Amino acid sequence: MTLVLRVNNGKSLDFIYSRISNRLLEMEGDSKLDGKVVQTFQKNFVQVQNILDQNRVLINEINQNHESKIPDNLSRNVGLIRELNNNIRRVVDLYGHLSTSFTKSVDASSEGDSNGHKRGRPA
């Protein structure tokens with residue numbers, strides 16, 4: 001049995017992060033998005049990347065322990081797999097938080113200004 005981290009390699013995640021960050025900054029520049037949302041996105045994305053990097057290390061160690069067939073190493077895998085599962089839960093939570101923050105910000109910006117006027121795109 002070999003576990004494989006197939007989320008994305010670092011370059012792909014950097015590309016995704018760059019594209020989303022640029023789009024968020026464009027939206028912020030158009031006053032469509034609160035700067036706090038951009039900061040939250042950046043902070044959470046860094047956290048996600050750090051967790052995924054940690055997961056890569058955990059998966060490598062789990063694989064090595066499994067291949068060694070040494071009883072102590074196999075026993076250690078139980079804790080490593082639990083840690084991996086907890087990390088995955090944290091990533092899901094972070095993405096959920098990002099989604100909620102982004103949706104709330106976009107909804108708030110589309111509701112209009114304090115005078116009750118809807119903001120529209122310039123013609």
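The values are calculated or read from the model by the stated rules, or taken from the named source; none is laboratory data. Because the structure is predicted, anything quoted here is derived from the model rather than measured. Backbone-built Cβ (ideal geometry, glycine too); neighbour counts: all protein chains shown.
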Tell me which residues, restricted to segment 62-95, are over 29 Å from Val37 (Cα atoms), among the β-branched types (Val, Ile, Thr) and part of a helix (DSSP H, G or I). Ile62, Val78, Ile81
Scan segment 45-72 and report the pairs whose first residue is on the phi > 0 side of the Ramachandran plot and whose second residue is surrounded by fewer than 12 Cβ atoms within 10 Å (Cβ to Cβ), with Cβ atoms within less than 9 Å and a gap of 6+ or a chain change. none
Only one of Glu67, Glu61 is among the acidic types (Asp, Glu), surrounded by 12 or more Cβ atoms within 10 Å (Cβ to Cβ) and modelled with pLDDT of 90 or more; which? Glu61
Is it fair to say Lys118 is of a type in the set (Lys, Arg), at pLDDT below 90 and part of a helix (DSSP H, G or I)? no
Are there any pairs with C-beta distances below 6 angstrom linking a residue in segment 89-103 that is over 14 Å from Gln42 (Cβ atoms) to a residue that is surrounded by 13 or more Cβ atoms within 10 Å (Cβ to Cβ), with the two at least 6 apart or on different chains, and if so which? Arg90/Ile51; Val91/Val48; Val91/Ile51
Examine segment 96-106 for a residue that is farther than 21 Å from Val38 by Cβ and out of contact with any helix residue (DSSP H, G or I) (no Cβ under 8 Å at 6 or more places or on another chain), and state whether such a residue exists. no
